[in-house]
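Below you'll find the structure, written out as structure tokens, and then a few comments.
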Amino acid sequence: MTIVCGTDFSANAGAAARVAAAVAARLAAPLKLVHVTDACGTDDSAAPLRARLHAQADGLRGQFDIDVESLLELGSADERLVAVAASRHARLLVVSSLGERKQQRWLLGSVAERVAQASPVPVLVVREAAGIEAWARGERTLRVMVGVELTPSSKVALDWADELRAIGPCELLVTQIVWPAEEHHRLGVPMPVPLDHLRPDLEHVLLRDLTQWAGKQPGADTSFIVRPGWGRVDSHLAQLAAEVDVDLLVVGTHKRAGIARLWQGSVSRGVLHSAAMSVACVPVRGAVDEPVERTP
């Protein structure tokens, strides 16, 4: 399957393109390098952009020994990138967190955010490219945190993260943020309820449930974390990911709009804004988010 990567010719976009090329080489997949312009002009005005795009594609083709196709698209960057990824049945869509026009369309929260919310294929937003590129080249292990709830949509994200091992070795940290008061009440743990931590007996139950839900055994390459948290889940995920020094934070996302997006789509959006590391947003198709039944 194809890897699609957006570029605006900035240094950050160039680093993201190398990540995309390294992944494509590892998977023996073609790379589609896409630049989108909103300038309306003649073929002559597009010639310099096309030349820069071809030059970047040639460099990646020579460095990674892969098939690279360059595509110059006209329109809105996020819409065209998503359309290309969908039409090519892409395995992955790669974008950088910041582009050349830092105060305009390529600011994170603009193109990258809209791409992640709308894309029907997984989106990798690259911040720290060197580590991910080295992993894709087979030179190191990738530390990956997957933020989950015990729901079908989170299982999709976890399964996708597990599939990264087809590219290179990965250490998975399966992480759930829980609200202490809710969990103590749900399991009938008597008062008083601690506000800043979980009682050991409750933490043991939650870790058991998380492990069973994931269907994976703890080991050297998979570990499980249940972290109490008040307030925004995305902030806790981003903070914990920084504390344990992961390379990539993976979350599931739904293609929602309006009130539903504000209420249910905030975790992926918040992680994109606050995480210091690269983020992968994995779209969910048709999963009904009803938490699994758990017993004390």
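The values are calculated or read from the model by the stated rules, or taken from the named source; none is laboratory data. Given the structure is predicted, the values throughout are model-derived calculations rather than measurements. Counting neighbours? That spans all protein chains shown, and the Cβs are built from the backbone with ideal geometry, glycine included. Quick note on the areas: whole protein, heavy atoms, side chains included, nothing else; ligands and nucleic acids left out. Shrake-Rupley method; radii C 1.70, N 1.55, O 1.52, S 1.80 Å.
Tabulated values for the structure
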quantity: Test item: Cα-centred dipole of region 210-250, Lys/Arg +1 and Asp/Glu -1 on Cβ, debye; calculated: 220 debye
quantity: Computed E for ARG186/ASP67 - FRET, C-beta separation, R0 51 angstrom, nearest 0.05; calculated: 0.45
quantity: Accessible surface, per residue, of region 121-219 when the full set of protein chains is kept, probe 1.4 Å, Å²; calculated: 44 Å²
quantity: Two-site label geometry, PHE9 and GLN239: point separation in nm, points 7 Å out along Cα→Cβ; calculated: 4.3 nm
quantity: In order through region 210-226: 3J(HN,Hα) via Karplus (6.51 cos²θ - 1.76 cosθ + 1.60), integer Hz, x for Gly, Pro; calculated: 5, 5, 5, 4, 5, x, 10, 8, x, x, 5, 10, 9, 9, 10, 10, 10
quantity: Alpha-carbon centroid distance for the pair region 1-78 / region 183-233, whole angstrom; calculated: 44 Å
quantity: Extension gain (nm, one decimal) between TRP230 and SER87, 0.36 nm per residue minus Cα-Cα; calculated: 47.4 nm
quantity: Simple spin-label estimate for MET1 and ASP159 in nanometres, 7 Å along Cα-Cβ; calculated: 1.1 nm
quantity: Calculated from backbone phi, Karplus (6.51, -1.76, 1.60) coupling profile of region 155-171 in Hz, x at Gly/Pro; calculated: 5, 4, 5, 5, 4, 5, 4, 4, 5, 4, 5, 6, 8, x, x, 10, 10
quantity: Per-residue HN-Hα couplings for region 128-133 [Karplus 6.51, -1.76, 1.60; θ = phi - 60°; Hz; x = Gly/Pro]; calculated: 9, 7, 4, x, 5, 5
quantity: Highest average packing first - 212-224, 134-146, Cβ atoms within 10 Å; calculated: 134-146, 212-224
